Amino acid sequence: MMAGEPLSEREAMQNNVGPGKPRIILAASGSVAAIKFANLCHSFSEWAEIRAVATKSALHFIDKASLPKDVLFYTDDDEWSSWKKIGDNVLHIELRKWADLMVIAPLSANTLGKIAGGLCDNLLTCIVRAWDFNKPLFVAPAMNTFMWNNPFTERHLEIVSQLGISLVPPITKRLACGDYGNGAMAEPSLIFSTVRLYFQSQGRVGWNPT
């Protein structure tokens with residue numbers, strides 16, 4: 001399903017699911033690190049069933065043509081185009097029901113603040129607001145060093161940690177803005193290995209050590 005295509009029945013999301021594969025939502029918010037989102041999707045795609053979600057700002061950095069061909073890709077427009085009348089499926093609720101786990105990578109400072117404040121003004125944050133926190137949710141922040149070191153970031157991270165959201169910490173490197181410091185998103189391979197090891201430790205479905 002391409003961006004802008006309406007959501008079909010929930011059964012369509014449940015079809016073509018490989019036996020034992022975890023169902024994972026990979027979501028990107030508006031950070032330049034979203035240029036690595038296709039790489040992230042490829043890292044997960046052979047091991048898990050993937051649904052991809054991107055905010056409007058993230059679309060500036062994502063090359064949709066580079067995404068795996070079997071990954072369904074949703075944007076804010078799909079949230080509205082898929083609903084016509086009372087009784088129709090609501091996309092963020094259907095995705096929430098479908099998924100075993102969610103990963104937000106990159107997580108921008110703005111989206112971090114929204115989640116910490118309970119705001120839900122786009123598809124990504126609506127999924128989080130409806131999320132069942134008995135299911136794991138991982139975030140991989142990406143922002144300028146000064147934004148990462150800002151007191152607001154510390155407060156917001158404390159709040160999301162209390163919700164049970166797991167952090168894949170940023171790394172120190174030369175940032176896209178030219179500054180050097182902490183705040184760069186962890187590499188997609190590290191995000192993938194963190195999630196996969198989580199499944200191994202929990203004895204969850206989808207773990208295949210090959």
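Points worth noting:
- Residue ID - surrounded by the fewest Cβ atoms within 10 Å (Cβ to Cβ), chosen from residues in the range 161-175 that are over 18 Å from Gly113 (Cβ atoms) and among the hydroxyl-bearing types (Ser, Thr, Tyr): Thr172
- Once the range 52-85 is narrowed to residues that are free of Cβ contacts under 8 Å to residues at least 24 places away in the same chain and of a type in the set (D, E, K, R), the residue that is farthest from Ala27 (Cα to Cα) is Lys85.
- Restricting the range 176-197 to residues that are within 18 Å of Asn150 (Cα to Cα) and in contact with a strand residue (DSSP E or B) (Cβ under 9 Å, 6 or more places away or on another chain) leaves a set whose member that is surrounded by the fewest Cβ atoms within 10 Å (Cβ to Cβ) is Tyr180.
- Residue in the range 115-125 that is farthest from the chain's Cα centre (by Cα), counting only those that are assigned to a helix (DSSP H, G or I) and either among the aromatic types (Phe, Trp, Tyr) or surrounded by fewer than 21 Cβ atoms within 10 Å (Cβ to Cβ) (or both): Gly117
- Those residues of the range 48-78 which are farther than 17 Å from Leu124 by Cβ and out of contact with any strand residue (DSSP E or B) (no Cβ under 9 Å at 6 or more places or on another chain), in sequence order: Asp63, Ala65, Ser66, Lys69
- Pairs, first surrounded by 13 or more Cβ atoms within 10 Å (Cβ to Cβ) in the range 131-160, second modelled with pLDDT of 95 or more and among the hydroxyl-bearing types (Ser, Thr, Tyr), C-beta under 6 Å, six or more apart: Phe138/Ser166; Ala142/Ser31
- Test: residue in the range 82-96 that is buried (at least 22 other Cβ atoms within 10 Å of the Cβ), assigned to a loop (DSSP other than H, G, I, E, B) and modelled with pLDDT of 95 or more: no
- Qualifying residue in the range 129-145 (condition: in a helix (DSSP H, G or I), within 21 Å of His60 (Cβ to Cβ) and over 14 Å from the mean Cα position of the chain (by Cα)): no
- Flag if Phe44 is without any contact (Cβ under 8 Å) to a residue 60 or more places away in the chain and either more than 24 Å from Leu163 (Cα to Cα) or crowded, with 19+ Cβ neighbours inside 10 Å (or both): no
The values are calculated or read from the model by the stated rules, or taken from the named source; none is laboratory data. Since we're looking at a predicted model, the values are computed, not measured. Because the Cβ atoms are built from the backbone with ideal geometry, glycine has one as well, and the counts that use them run over all protein chains shown.
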